[in-house]
Amino acid sequence: MKGSYIEIENNSGPYRIDDIPVLPYSDFYNQTITFMRERDSIHCVAYFGIKYQNRIRIICLLADDTNGKIYGYSFIYNDNETLDSVTKVLPQMHLFEREVHENFGVRYSGHPWLKPVRYSYDRLNTDQVIENYPFYRIEGEELHEVGVGPVHAGVIEPGHFRFICHGEKVFHLEIQLGYQHRGVENLMVQSVKPLQKCILAESVAGDTVIGHTIAHAQLIESLAGIKAGSRLQIERCIALELERIAVHIGDTAALCGDVAYQLGQAVCEALRTSVINTTQLWCGNRFGKGLIRPGGSNYPLNAETAKKISEMISDTGRRFEDITERIFSLTSLMARFEDIGTVTALQAKKAGATGMAARSSGVARDIRVTHPFQYYQKVNVNTIIQQKGDVLSRALQRKEEVKESIRIINQLLVVWQENPENISKPRYDVPLKPDSFSVSLSEGWRGEICHAAFTSGDGKIMSYKIKDPSFHNWLMLALAVRNQEISDFPLCNKSFNLSYCGHDL
Amino acid sequence: MRLLGFLFLIVSALLIPGFILRIKSIAAGRKGPGIWQPYRDIAILFAKGQVFSNTTGLIFQIAPAINLSCIIAAAMLLPFGRYGSLISFDGDFVYFLYILALGRFFSIISALDTGSSFEGMGASREALFSMLAEPAFFILFAALAIVTGHTSFSGIFSEYTISGDHNILIMTLIGVFVLFQSSLVETCRVPVDDPKTHLELTMIHEVMILDNSGFDKALIHIATYLKQAMYGLLIYNLITPFKLNLVFQIIIFVLVQALYAITAGLIESFRARNKMNRNPKFILTISAVAWIAFVIILILKK
């Protein structure tokens, strides 16, 4: 494929900002479409704007699953220009264009719906506020609207769901988020101390602490031009897999709870606790806060903890196998999971789904395999996929991923013992290379996490971009509940378990 | 003595919900709340003030009280073994069903009164499911009325006794099944509804009372507990030979109520609830089974 772009690798660099080619928009448009139309294996990991030399520069990063490369290219937006929307051809770009439109006032023509992503008002036209917000409507005497949220019955985050129903059947679901917007990306730039940035990364999404901090730490390391030692890399991978196991087991519990299967819920909740308690034993925090830091670690794994981890995962693995065998052989429960909330592989591809949501619909996207980071280059990771894309597939996906994660941790613990080097303390004061950028991808339990940062002439971070997998995957939920019963919505929602604050940033 | 039966009913209504909770927590391996927890909750609710939404009117405020009084009125019709009921007249089982329906009617319109889309959905589900559950009860008691030649609860149960006759045994088994399954529908338990869920979109009964608070909410809970105990009492009446003396009757009554609670608790622990659109099928099956009892009786009488 010919084109002008910079070819970079995950977690490498730093690269010079000037090396990102600037294309005229028509070339940018054609190149984006050619890339993603010709090959399924290419998907967009980030599309965002930066203010560079007093101009708005829009950067597009595409990940190629076949060769582990990331392609970067950009265009410069001149005020009041109206651009042809890529979304018309590639629906997966819809949210990216909306975000850029919202943040930089870039005008697109032909975008199906340029509504706000995170703000309760349109920043270009402040008359448009959430009170008179034009939710999607279908007129009909027999139809009724059900609005859920932003305040929910459970102890969860805020988000508004607007259903258009015919009796119990859902015709359309519109999801309006943004209530949790905290301006994390700006805070990343404003915060002076590197430690503050780490803590911010930990708070992007409360259940993906390790995933986001690994992405952040490896981004800082590649901008500084340092590389983590093997032992440190192994420990990070172990932490990430522990997080994956804990969340998958916890979500299995929640799925059982939603269909009132008490046994499955009680057992899985107990199992999840034993996993997160092991993380607590390791670093003092059940979610792994404080564990991952750039350049080193405050909590190097010791032989005793490693033994505990190994015992815990074999025990938990066995028990989880037992209970899932029961869960997936219970007819009353299978009747609830099967053929509910189906998202086809084609829909998943068009929505740009990532991570376990994509894999359970038969789209094999796994950054650990395609763009390996940390120690995943050297361990054998099997990509688990399911074909059907219903709630059952996503439940089975979790079960199989737990099994695979346990296998990965066992491999990692063996090589960990073979690498007895010392792990240094975290290095917060490393100078970052000026006028550079780097991109870092990691595979959190939910899917692909992308952090990208740009440094200014004095080596300070001037722009920071975060993309949580939820950003793409919320659309999957909206697609999943179409033509389903409204009473199955909580089940579909839980089967994805997407992050509100990861989307809202 | 008639009052005694009614008192037993009230006492068992006090104990069953806590008992079910205990069974569920034991089955889940949890410590769980004590057997009196539901009553602590109700005591707290009684002590609380009430909040009424601006969209609600008079109906919303009176409905919980009407619902509870309807259920108490229905409870007074139920006999305790050979001791008759407080009130009894020919055809009172029809009255029983419709006085319960009157209470339900008020809870449904009170849910609609709030104007919330959730409560509207809950009300429509409740109306549909209770309508489907009605024939089962009628068919069963019509069959019993043919067997015994009486049309009041007191008459039916003073005449109906388990004996060696295998037709009567089958009839009794079917009766217990129908009453138990109907009680799951009427008192909103798994697999039809889930009393524990916090998900408004999946609830049936619970979603209708989202707007109720304080005193009214306590009344609604008490009404549900009473209803549960009434079904236990009906099952007890069906299977007890009325010639037993009082001590044995009480022992059997306690056993039946305990078994009822244990079964309900175990069902809730070890199975998932139905998909909403499976519920009509589930409920109609109860009527179909009741119909078998009716046919058996028709054959017997020939």
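Close amide H contacts of B:Ala272 (hydrogens built in the peptide plane, cut-off under 5 Å, sequence separation of 5 or more or a different chain): A:Ser332, A:Leu333.
Taking every residue in B:202-214 and counting other chain Cβ atoms within 10 Å of its Cβ, the average works out to 1. Excluding same-chain neighbours fewer than eight residues apart, the aspartates and glutamates reachable from A:Lys197 by a Cα-Cα span under 12 Å are A:Glu185. Note down the magnitude of the dipole of the range A:188-504 about its Cα centre, charges +1 on Lys and Arg C-beta and -1 on Asp and Glu C-beta and zero elsewhere, to the nearest 20 debye. My answer is approximately 540 debye. Legend: distances between Cα atoms for A:Lys51/A:Lys350; A:Lys494/B:Lys281; A:Lys308/A:Lys465; pairs beyond 28 Å are A:Lys51/A:Lys350; A:Lys308/A:Lys465. At q = 0.11, 0.16, 0.21 Å⁻¹ the log10 of I(q)/I(0) for the range B:144-302 amounts to -0.54, -1.02, -1.39, computed by Debye summation with a single uniform scatterer per C-alpha, solvent ignored.
Is the range A:299-376 rounded, prolate or oblate when judged by the Cα gyration tensor, a ≥ b ≥ c being the square roots of its eigenvalues, rounded requiring a/c under 1.5 and prolate requiring a/b larger than b/c?
Cα axes put the range A:299-376 in the oblate bin.
Using the empirical formula 2.2 N^0.38 Å as the baseline, the Cα radius of gyration of the range B:223-284 reaches a ratio of 1.42.
In whole angstrom, the range A:6-117 maps to an equivalent ellipsoid with semi-axes of 22, 18, 12, each derived as √(5λ) from the alpha carbon gyration tensor and ordered largest first. Proximity of backbone amide H atoms, modeled 1.01 Å from N, is registered between A:Leu83 and A:Arg107, A:Tyr108, A:Ser109 at under 5 Å, excluding neighbours fewer than 5 places apart on the same chain.
Lys/Arg Cβ at +1, Asp/Glu Cβ at -1, dipole of the range B:1-51 taken about the Cα centre: which of B:Leu14, B:Val51, B:Ser25 is farthest positive-ward? Checked the options; the winner is B:Ser25. Rounded to the nearest whole Hz, the Karplus-based 3J(HN,Hα) values (6.51 cos²θ - 1.76 cosθ + 1.60, θ = phi - 60°) of the range A:244-250 follow the sequence 4, 4, 4, 5, 4, 5, x, with x at glycine and proline. Within 10 Å of the Cβ of each residue in A:160-171, the mean number of Cβ atoms contributed by other protein chains is 1. Pull up the cross-link candidates among the lysines for B:Lys217, meaning alpha carbon to alpha carbon under 26 Å and not fewer than 8 places away within one chain. Partners found: B:Lys24, B:Lys48, B:Lys196, B:Lys227.
Residue order for A:His472, A:His152, A:His101, fewest other beta carbons within 10 angstrom first, comes to A:His152, A:His101, A:His472. Relative to the Cα centre, the charge distribution of the range A:131-176, modelled as +1 at Lys and Arg Cβ and -1 at Asp and Glu Cβ, gives a dipole magnitude of about 120 debye. Toward the positive end of the charge dipole of the range A:398-497, with +1 on the Cβ of Lys and Arg and -1 on the Cβ of Asp and Glu, the farthest Cα among A:Leu412, A:Tyr464, A:Pro426 is that of A:Tyr464. Just so you know, the averaged projected area of the alpha carbon convex hull for chain B sits at 15.6 nm². Model label points for A:Asn298 and A:Glu145, set 7 angstrom from Cα along the Cα-to-Cβ axis, are 4.8 nm apart. Remark: the protein assembly as shown carries a charge dipole of roughly 1480 debye about the Cα centre, counting +1 on each Lys and Arg Cβ and -1 on each Asp and Glu Cβ. On a per residue basis, the convex hull of the C-alpha atoms belonging to the protein assembly as shown measures out at 178 Å³.
Summed over qualifying helices (DSSP H, 4 residues or more, each -39500 (n - 2.57)) and divided by its residue number, the protein assembly as shown shows a 222 nm mean residue ellipticity of -17500 deg cm²/dmol. The fewest-to-most ranking of A:Glu174, A:Glu421 by surrounding Cβ atoms within 10 Å reads A:Glu421, A:Glu174. Among the trypsin sites (Lys or Arg not before Pro) in the range A:186-244, those placed in a DSSP loop whose Cβ has at most 15 other Cβ atoms within 10 Å are A:Lys227. Among residues other than B:Ser107 whose Cβ falls under 13 Å from its Cβ, what is the net charge (Lys/Arg +1, Asp/Glu -1)? Local charge sum for B:Ser107: -3. Among B:Ser124, B:Ser12, A:Ser360, A:Ser424, sorting on how many other beta-carbon atoms sit within 10 Å of each Cβ, with the fewest leading, yields A:Ser424, B:Ser124, B:Ser12, A:Ser360. Computed from the alpha carbon positions, the gyration tensor of the range A:391-436 leads to an equivalent ellipsoid with semi-axes of 35, 22, 8 Å, biggest first.
Taking amide H as placed 1.01 Å from N in the peptide plane, the amide H of A:Val45 sits under 5 Å from that of A:Leu61, A:Leu62, A:Ala63, each at least 5 places away or on another chain.
Taking 25 °C and 0.890 mPa s as the conditions, I'd like the Stokes-Einstein D for the range B:100-147 in µm²/s, using the Kirkwood hydrodynamic radius from alpha carbon pairs.
D, rounded to a whole number, is 205 µm²/s.
Taking Cβ atoms as reference points and 15 Å as the exclusive limit, the residues near B:Ile62 contribute a net charge of -1, counting Lys and Arg as +1 and Asp and Glu as -1.
Every number in this text was worked out from the coordinates using simple rules, so none of it is lab data. Not measured: the values here are computed from a predicted model. Virtual Cβ from ideal backbone geometry, glycine too; neighbours counted across all protein chains shown.
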